[in-house]
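K.L.:
Take a look at the following structure, please.
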Amino acid sequence: MLDLTYKNYGVLQVFEQTFKNIDDILHKDAGCGSELDYVEQTSWVLFLKYLDDLERDKQTAAELTGKTYTNIISTEYQWTVWAAPKLESGKTDHNALTGDDLVDFVNVELFPYLKKFKTSAEHPDTIEYKIGEIFSELKNRLQSGYNLREVINHIDELRFRTHVEKHEMSHLYESKIQNMGNAGRNGGEYYTPRPLIKTIVKVVAPEIGKTIYDGAVGSAGFLCEAFEYLKNPEERGLKPLTTTDSEILQKKTFYGREKKSLAYIIGIMNMILHGVEAPNIVHMNTLAQSLTDIQEKDRYDVILANPPFGGKERAEVQQNFPIKTGETASLFLQHFIKILRAGGKGGVVIKNTFLSNTDNASVALRKELLSNCNLHTVLDLPGGTFTGAGVKTVVLFFEKGRATQNVWFYQLNLNRNLGKTNPLNEKDLADFVELQASRASATGGPETANSWNLAISDIDQTTFDLSAKNPNTPEEAPLRKPEDILKEIKDLDEESAGILDSILELL
């Protein structure tokens, strides 16, 4: 047990130490074999503790207004009854379930009870329904009830009652999601560097009342960051949210889809832990929807996404798209263009080869994007931005409804190599954000050593090549011909021989 208090030790440090201790315990358990398992198992225990604190907050708020609050979780399944019963003194009751009794209770009684919420909830857009979904997809992997007891005891020491506590906890949870990339099982595909997400959100600048969508939601990083951006308008010099604004933000703003089960569950929990109680995230393959089925009522105002790149989709999935290609990211981009409302804005990460590939699908997709959207900004990112991914990427910023006339490019040139120990940070992107804010719709953005404008009328109208070639970078000297190099070697040899002869004459 941690002998730490929130008074003499920072909230962040408490969370960090707790997560480290839990990982050490899970590492010893036969049922947990990787970082993915650690995240999954920490998640469900952490979620139930968070839910208990949330219910207590709601009960307190109800009492202050003279109302009655009905708990979501029945008494016998509440955290303070099965997980962390307390004595009258407030100390933990050491007669709490442990060993085989604890594992049996969790597997045979608790999880089946929580799964039933999916069928008993009044509506899918409720926290009850989301609880049912989470525990329909997850299972307890800890085989030792004694290890589970230790994990529960550590989690019980955490509090999620104040804004600071909730903020730090969600921050640390994001770090755990990022660490999934170390597991070697594609965990990293769920995670986009947080500084990059924040930058994309700032540039797209969503507004209250607009719907925000990510069709490749992963761990919901884009939606979580957009929520953080919108819930604090005072930071941008705007008026605080009204009660109506807060209601809209909770229930009618964020939408997502995710194909993979673990990413889907983690995405839901991540949003709930950030403060969105009933995330509108659907478990489905976004690309299984035919573009012809998308109607105006299905469209969104803002797209924020980093679709998986490098994947391949089956032939039957490709039939849902007018531009046939097996490249997953290209299919997603078609989907995003179609599902974005006229006047809507997008910020999408994609491989930089999209700008220049010569295959028919890539050419057709670039033409489609430039014809139907104003691709006003391209952020060219350095290698190493995505830890463990050996590809270079760009971010496309566009608005739907009018053709592109001019693209402003910004090439992020850093004086260091990016990597696990030296990741991208917000300061790296500050210059881009500042310059992009001064971009004019007609003439493009400012020209600097790292930025330039490209008029669409100047590009090849058959290939629509948009390669990010910085015209402000001095050209490298052309490679010399072999015969020139050999002649210079011969001349140098003759010169050296002459010098040696002169030295010999002096001796």
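Please treat every number below as a calculation from the coordinates, not as lab data. The structure presented is a predicted model; accordingly, all values stated were derived computationally and were not measured. We place every Cβ from the backbone using ideal geometry, glycine too, and count neighbours over all the protein chains shown.
K.L.:
Pairs to check: Lys115/Lys210; Lys324/Lys367; Lys86/Lys116; Lys166/Lys420. Give those whose C-alpha atoms are more than 24 Å from each other in this structure.
P.N.:
Lys115/Lys210; Lys86/Lys116; Lys166/Lys420
K.L.:
Working out 0.36 nm times the residue gap between Glu277 and Lys252, then minus their Cα-Cα distance, what length gain in nm do you get to one decimal?
P.N.:
The span from Glu277 to Lys252 would gain 7.8 nm if fully extended.
K.L.:
Something else now. Which value in Å is the Kirkwood Rh of the stretch 186-458 over different Cα pairs?
P.N.:
19.1 Å is the Kirkwood radius here.
K.L.:
Using the crude model of +1 on Lys and Arg Cβ and -1 on Asp and Glu Cβ, and no other charge, please compute the dipole size for the stretch 186-458 relative to its Cα centre, in debye to 20.
P.N.:
For this selection, approximately 260 debye.
K.L.:
Let me ask something else. How would you rank 427-438, 339-350, highest first, on the average number of other Cβ atoms within 10 Å across their residues?
P.N.:
Packing proxy ranking, top to bottom: 339-350, 427-438.
K.L.:
Can you give the convex hull volume per residue for the Cα atoms of the stretch 11-171, as a whole number of Å³?
P.N.:
Hull volume over Cα atoms, normalised by residue count, gives 134 Å³.
K.L.:
Give me the net charge for the shell around Asp101: Cβ to Cβ below 12 angstrom, other residues only, Lys and Arg +1, Asp and Glu -1.
P.N.:
Combined, the nearby Lys, Arg, Asp and Glu give -2.
K.L.:
Please report Glu137, Glu247 as a ranked list, fewest other C-beta atoms within 10 angstrom at the top and most at the bottom.
P.N.:
With the sparsest Cβ surroundings first, the list reads Glu247, Glu137.
K.L.:
For Asp125 and Thr421, what does the FRET efficiency come to when R0 = 60 Å and r is the distance between their Cβ atoms, rounded to the nearest 0.05?
P.N.:
The formula returns an efficiency of 0.90 here.
K.L.:
With a cut-off of 8 Å between alpha carbons and a minimum separation of six or more residues, what is the relative contact order of the chain in percent?
P.N.:
11
K.L.:
Mind sorting Glu16, Glu296, Glu258 by how few other Cβ atoms lie within 10 Å of their own Cβ, fewest first?
P.N.:
The fewest-first ordering by Cβ neighbours comes to Glu296, Glu16, Glu258.
K.L.:
If you don't mind, there's one more thing I want to ask. Taking +1 at the Cβ of each Lys and Arg and -1 at the Cβ of each Asp and Glu, which of Val317, Ile73, Ile266 sits farthest along the dipole of the chain towards its positive end, judged by Cα position relative to the Cα centre?
P.N.:
Highest projection toward the positive end goes to Ile73.
K.L.:
Normalised by the residues of the stretch 186-458, what does the relative contact order come to in percent, with Cα pairs under 8 Å and at least six apart?
P.N.:
17
K.L.:
Using the per-residue mean of other Cβ atoms lying within 10 Å as a proxy for protection, in what order, highest first, do the peptides 330-337, 213-220, 377-384 fall?
P.N.:
213-220, 330-337, 377-384
K.L.:
A further question follows. Where a Cα-Cα gap under 16 Å defines reach, which lysines qualify for Lys490, not counting those fewer than 8 residues away within the same chain?
P.N.:
The qualifying lysines are Lys481.
K.L.:
Using R₀ = 35 Å, calculate the FRET efficiency as 1/(1 + (r/R₀)^6) where r is the Cβ-Cβ separation of Tyr113 and Thr65; round to 0.05.
P.N.:
The calculated FRET efficiency here is 0.70.
K.L.:
Determine the calculated [θ] at 222 nm for the chain from helices alone, applying -39500 (n - 2.57) to every DSSP H run no shorter than 4 residues and normalising by the residue count; nearest 500 deg cm²/dmol.
P.N.:
-13500 deg cm²/dmol
K.L.:
Hey, another quick one. For a quick check: sort Ile25, Ile208 by the number of other beta carbons within 10 angstrom, fewest at the front.
P.N.:
The most exposed by this proxy come first: Ile208, Ile25.
K.L.:
Let me ask you something else. Within the P(r) computed for the stretch 188-341, what percentage of the Cα pairs occupies the region above 18 Å?
P.N.:
58
K.L.:
Pop a pseudo-label 7 angstrom from the Cα along the beta-carbon direction at both Asp458 and Thr242 and give the gap in nm to one decimal.
P.N.:
4.7
K.L.:
When only alpha-carbon atoms count, how far does the chain stretch along each of its three principal axes, as whole angstroms with the largest first?
P.N.:
Projected onto its principal axes, the Cα set of the chain covers 102, 73, 49 Å.
K.L.:
Apply the Karplus parameterisation 6.51 cos²θ - 1.76 cosθ + 1.60, with θ equal to phi minus 60°, to every residue of the stretch 278-295 and state each ³J(HN,Hα) to the nearest whole Hz, in sequence, with x for glycine and proline.
P.N.:
Karplus values, whole Hz, x for Gly and Pro: 9, x, 8, 10, 10, 8, 6, 7, 3, 6, 6, 8, 5, 4, 5, 7, 7, 10.
K.L.:
I'd like to compare 271-278, 71-78: which one has the highest average count of other Cβ atoms within 10 Å, and what's the full order after that?
P.N.:
Result, highest mean Cβ count within 10 Å first: 271-278, 71-78.
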